[in-house]
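Participant: Have a look at this one before I ask anything.
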Amino acid sequence: MAVDTRATLVATAERLFAERGVEAVSLREIAREAGARNVMAVQYHFTDRAGVLAAIGDKHLPMIDARRDVLLETVRGEQATSMRAMAAALVRPLAAELTNPDGGPAFLRIHADLLNRPVPAFDFTGGSASSLQRWRLLLEPMLDPLAVTLHPRLGALVYAAVELGRRAAGAPHADDRLFTSHLVDTVAAMLAAPLSEETRSLATERQVRRQSRTTARPS
């Protein structure tokens, strides 16, 4: 019974967070919508909002990681890794949630909500051992060293999350293949985009200023 209650609370939180936004839903509302007899049921099972989000992540991230691991192993086996293959390894494991009947579209909307903030409210990218971390490390040698300082990997992740969240808001669709393929194309272009002379000059100036401040600090 406790397992059923916990699963119902997670599913209800997914739906409400996706529909109204993570910050707009109280824990008491989740309990009421889930039909829990005790309005403190969410606190009992998850302690707080972060605990609910962690449970939602635990429900979806292991499968997303598993899908990405398979794609990364394929990429590792290729003689020349393409930027599109790396973009696909970022996008496709998440895009598969569009057709997951057990809260997949809701997860994508929550994922977008949490990542598309100046300061993310919760780390929904997995831990240091996640497939996303392996993706970041595998991609870094393919990037312009100066471009790395401008965080293109984070930009690509946020863009992909927002686009998938937008798509998920209208789910289900008859066919997501064209949408997903075009999203992979766009993310690949973002990652491979060369720095303009203006951007390169400004980024270099910033590096020099930072190095000067570091050198000027008293030991």
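The values are calculated or read from the model by the stated rules, or taken from the named source; none is laboratory data. These numbers were taken from a predicted model, which means no experiment stands behind them. Ideal geometry is used to build each Cβ from the backbone, glycine not excepted, and the neighbour counts take in all protein chains shown. To get the accessible areas, we keep the full protein, side chains included, count just its heavy atoms, and leave off ligands, DNA and RNA. Shrake-Rupley method; radii C 1.70, N 1.55, O 1.52, S 1.80 Å.
Participant: Could you work out the local net charge near THR199, counting Lys and Arg as +1, Asp and Glu as -1, over the other residues with Cβ closer than 14 Å to its Cβ? Walk me through the intermediate numbers first.
Facilitator: Values: positive: ARG200, ARG206; negative: ASP144, GLU197, GLU198, GLU205.
Net of charged neighbours comes to -2.
Participant: Just the number, please: carbon plus sulfur as a percent of the accessible area of region 160-212, 1.4 Å probe, no ligands or DNA/RNA counted. It would help to have the intermediate numbers written out before the result.
Facilitator: On the way: 1820 of 3290 Å².
Of the solvent-accessible surface of region 160-212, carbon and sulfur hold 55 percent.
Participant: Just to verify a number: what accessible area does ASP144 come out at with the full protein assembly present, 1.4 Å probe, Å² rounded to tens?
Facilitator: 50
Participant: Any idea of the accessible area per residue across region 57-176, 1.4 Å probe, to the nearest Å²?
Facilitator: Values: 5750 Å² over 120 residues.
Result: 48 Å² of accessible area for each residue.
Participant: Report, to the nearest whole %, how much of the accessible area of region 1-145 belongs to carbon and sulfur atoms, 1.4 Å probe, protein only. Can you show the working numbers first?
Facilitator: Values: 3970 of 7370 Å².
About 54 percent, which is the carbon plus sulfur part of the accessible surface.
Participant: Still on this model: Which order do peptides 101-108, 136-143 fall in by mean Cβ count within 10 Å, highest first?
Facilitator: Working: 101-108: 20.1, 136-143: 13.8.
Highest-to-lowest ranking by the protection proxy: 101-108, 136-143.
Participant: What are the ³J(HN,Hα) values, in whole Hz, obtained from phi via the Karplus relation 6.51 cos²θ - 1.76 cosθ + 1.60 with θ = phi - 60°, for each residue of region 43-57 in sequence order, with x given for Gly and Pro?
Facilitator: My calculation for region 43-57 gives 4, 4, 7, 10, 6, 7, 4, 4, x, 5, 5, 4, 5, 5, x Hz in order.
Participant: Need one word for region 1-42: rounded, prolate or oblate. Basis is the Cα gyration tensor (sqrt eigenvalues a ≥ b ≥ c); a/c below 1.5 gives rounded, then a/b vs b/c decides.
Facilitator: Oblate, because a/c is 1.5 or more while a/b does not exceed b/c.
Participant: Quick one: Cα centre-to-centre distance for region 134-191 and region 18-92, in angstrom?
Facilitator: If you average the Cα positions of each part, the centres end up 17 Å apart.
Participant: Taking all protein chains together and a probe of 1.4 Å, list ARG200, ARG68 from the most accessible to the least accessible. Each step should come with its number before you reach the end.
Facilitator: On the way: ARG200 75, ARG68 10 Å².
Correct descending sequence by accessible area is ARG200, ARG68.
Participant: Dividing the alpha-carbon Rg of region 151-219 by 2.2 N^0.38 Å yields what?
Facilitator: Values: Rg = 19.0 Å, N = 69, 2.2 N^0.38 = 11.0 Å.
Dividing the Cα Rg of region 151-219 by 2.2 N^0.38 Å gives 1.73.
Participant: What number comes out for the charge environment of GLU140, summing +1 per Lys or Arg and -1 per Asp or Glu over other residues with Cβ under 15 Å away? Show your work: numbers first, answer last.
Facilitator: Values: positive: ARG76, ARG134, ARG136, ARG153; negative: ASP144.
With Lys, Arg at +1 and Asp, Glu at -1, the neighbours total +3.
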